[in-house]
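Have a look at the structure below before the remarks.
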Amino acid sequence: MSRVVIIMGSKADLDWAEQISRVLKGFEIEVISRIASAHKVPLKCYNLIKDYEKENVVFITIAGMSNALSGFTDAQTHCPVIACPPYSDKFGGADLYSSIRMPSGVAPLTVLSPENAALAAAKILGLSNPGIQKRIIEFQDKKRKELEEADNNLVNEK
């Protein structure tokens, strides 16, 4: 079974998680969403990671401000981890440093767009699932066609 586990640092991240989930469901990938802060409930977070990693899942972590969740998750599992921190103008982007500056041996991928984080997870799962690979190819073809259509509409308007 192909599954993505989204771990959010708080309920405030729910909208971001729903954006990711919609795209994953379009690829027919099961999504499990949980809330567990690496700062506030590290043991709960650890236990979630250990329970779900038995299924060889892809984790997507969502945490703004000081994102310990992504590094913590990656350091505890052999499964791929994608950090998708919500961007905030409040700190002028400086809060993203906690997602991209990791210590040695800790390597979560950082993807800022919810759609692209879902696509990255789908591509990882697609390596061993031809059905997902097919849906990714269809998704990419649709994106190309949308771009060509937009260009044709622009040219024809003149």
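Every number in this text was worked out from the coordinates using simple rules, so none of it is lab data. The structure displayed is predicted, hence computed values, not measured ones. Ideal geometry is used to build each Cβ from the backbone, glycine not excepted, and the neighbour counts take in all protein chains shown.
If the segment from ARG144 to VAL41 were pulled out straight at 0.36 nm per residue, it would be longer than the present Cα-Cα gap by 32.8 nm. Database remark: amide H of ALA83 closer than 5 angstrom to the amide H of THR61, LEU109, THR110, VAL111 (H placed geometrically; neighbours at sequence offset of 5 or more, or on other chains; Pro and chain starts carry no H). Karplus-derived 3J(HN,Hα) values for the range 59-70, using 6.51 cos²θ - 1.76 cosθ + 1.60 with θ = phi - 60°, are 9, 10, 10, 10, 7, x, 6, 9, 8, 6, 4, 5 Hz; glycine and proline are entered as x.
Estimated from the Cβ-Cβ distance and a Förster radius of 30 angstrom, the FRET efficiency linking ASN152 and SER10 is about 0.10.
If packing is taken as the average count of other Cβ atoms within 10 Å, what order do 27-38, 66-77 fall into, highest mean first?
On the way: 27-38: 18.3, 66-77: 22.5.
Averaged packing, sorted descending, gives the order 66-77, 27-38.
Taking amide H positions as modeled 1.01 Å from N, with prolines and chain starts lacking one, the residues under 5 Å from SER88 and 5 or more places away or on another chain are GLY93. Annotation: amide H of SER33 within the under-5 Å range of ILE6, sequence separation 5 or more or interchain, hydrogens built in the peptide plane.
Would you mind checking the pairs LYS11/LYS54; LYS25/LYS145; LYS44/LYS90; LYS54/LYS143; LYS25/LYS134; LYS11/LYS90 and listing those with alpha carbons more than 23 angstrom apart? LYS11/LYS54; LYS44/LYS90; LYS54/LYS143, as the Cα separations exceed 23 Å there.
Shown in residue order for the range 121-127 are the 3J(HN,Hα) couplings computed by the Karplus curve 6.51 cos²θ - 1.76 cosθ + 1.60 at θ = phi - 60°: 5, 4, 5, 5, 5, x, 4 Hz (x for Gly and Pro).
Between helix 42-53 and the chain there is an angle of about 50 degrees, using the helix long axis and the longest principal axis of the Cα atoms.
If you take every DSSP beta bridge fully contained in the chain, what fraction is antiparallel? Give it as a percent rounded to 5.
On the way: 0 of 16 bridges.
Among the beta bridges of the chain, antiparallel pairing accounts for roughly 0 percent.
Against the set (i) 15.2; (ii) 16.4; (iii) 19.8, the structure's computed Kirkwood radius over Cα pairs in Å falls on (ii). Spin-label model, GLU53/LEU127: points 7 Å from Cα along the beta carbon direction are separated by 1.6 nm. Here ILE32 and PHE91 are evaluated by their C-beta separation; at R0 = 30 Å the FRET efficiency comes out at 0.50.
What number, in percent, do you get for the relative contact order of the chain if the mean sequence gap of Cα pairs under 8 Å and at least 6 apart is divided by its residue count?
Over the chain, the number comes to 23 percent.
Computed 3J(HN,Hα) for the range 16-22, one whole-Hz value per residue from the Karplus formula 6.51 cos²θ - 1.76 cosθ + 1.60 where θ = phi - 60°, is 4, 5, 5, 5, 5, 4, 4, glycine and proline marked x.
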